[in-house]
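The values are calculated or read from the model by the stated rules, or taken from the named source; none is laboratory data. Given the structure is predicted, the values throughout are model-derived calculations rather than measurements. When we count neighbours, we look across all protein chains shown, and the Cβ atoms used for this are built from the backbone with ideal geometry, even at glycine. Surface accessibility is based on the protein's heavy atoms, side chains included, excluding ligands, DNA and RNA. Shrake-Rupley method; radii C 1.70, N 1.55, O 1.52, S 1.80 Å.
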Amino acid sequence: MNHGMRGPDARILPLLLILLSAPGRGEAQPAAAGDSLTFTYFAPGARTVTVAGDFNGWSKEETPLHPDSAGVWTGARAMLPGIYQYKFVIDGSRYLLDPRNPATVMNYNNTAQNSVFVYSPEKTVVLTSVPPSPVSNPHDAYPPDPDHKPLYLNILWHQHQPLYVNPETDQLAGPWVRTHATKDYYDMASILAGYPSVHCTINLTSSLLLQLRTYYVDRL
């Protein structure tokens, strides 16, 4: 007699079928699969099921799920690492949380909760509402990546201030020229001293230079 188990115990199989087919038991949080995330929702009576989130502009049509014969809806979407909020949309009108994802966060206008998760750079899903910490790179070291072309950036800072001169009093109407020049414009240029390999063009407009020279350098 062969006492080995070739499949589930006959007494357990009916229980498994009940659990898998019961409402709410088939829903699942996003699962990482390669460069995509798979969303699954159990809705045997639904006409349509989609996923709306801040990864697709909360579109009800852009990320559809497709059902199998048991009413389990599944769909995948390629995504970049980050933190994302989402909900399942049933029949185009009912927005539901993912009951298999315990992480939630209040939406922007504090009217309802959204499901939330973090997709890490290691391509794993973390069920949390805590934003991921940026990867530390204090020396700005970026190794060559053969799969990506370089991005060439031309940095142009246009430093401009309106003419604040009051012609009746021959004075500036406010301290905005001095404040912006010393607090913002000077700091932006001085930061470059720490990055000698970064080149930047700074344009100082005539209205800014006139006020700095006439009302501060020449007179003070």
Quiz item: Is one or more of the residues making up segment 114-121 among the hydrophobic types (A, V, I, L, M, F, W, C) and more than 30 Å from residue 97 (Cβ to Cβ)?
Solution: no
Exercise. For residue 156, indicate whether it is farther than 30 Å from residue 53 by Cβ, open to solvent by less than 100 Å² (accessible area, probe 1.4 Å) and modelled with pLDDT of 85 or more.
Key: no
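Okay, residues lined up against (1) in a loop (DSSP other than H, G, I, E, B); (2) among the hydrophobic types (A, V, I, L, M, F, W, C); (3) modelled with pLDDT under 90; (4) crowded, with 16+ Cβ neighbours inside 10 Å:
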| residue | (1), (2), (3), (4) |
| --- | --- |
| 100 | yes, no, yes, yes |
| 118 | no, yes, no, yes |
| 134 | yes, no, yes, no |
| 142 | yes, no, yes, no |
Quiz prompt | Selection status of residue 114, outside any helix (DSSP H, G or I) and either open to solvent by less than 100 Å² (accessible area, probe 1.4 Å) or touching a Gly at 6+ places or on another chain (Cβ under 6 Å) (or both) | solution = yes
Quiz prompt | Members of segment 161-197 that are over 30 Å from residue 142 (Cβ atoms), of a type in the set (S, T, N, Q) and open to solvent by less than 80 Å² (accessible area, probe 1.4 Å) | solution = 161, 166, 169, 179
Quiz prompt | Residues of segment 120-132 classified as hydrophobic (A, V, I, L, M, F, W, C) and either open to solvent by 70 Å² or more (accessible area, probe 1.4 Å) or in a loop (DSSP other than H, G, I, E, B) (or both), total | solution = 2
Practice problem: Note down all Cβ pairs under 7 Å where the first residue falls in segment 111-139 and is closer than 21 Å to residue 77 by Cβ and in contact (Cβ under 8 Å) with a residue 12 or more places away in the chain, the second is part of a loop (DSSP other than H, G, I, E, B) and among the polar types (S, T, N, Q), and they're at least six residues apart or on different chains. | Solution: 114/107; 115/101; 116/129; 117/101; 118/128; 127/101; 132/120
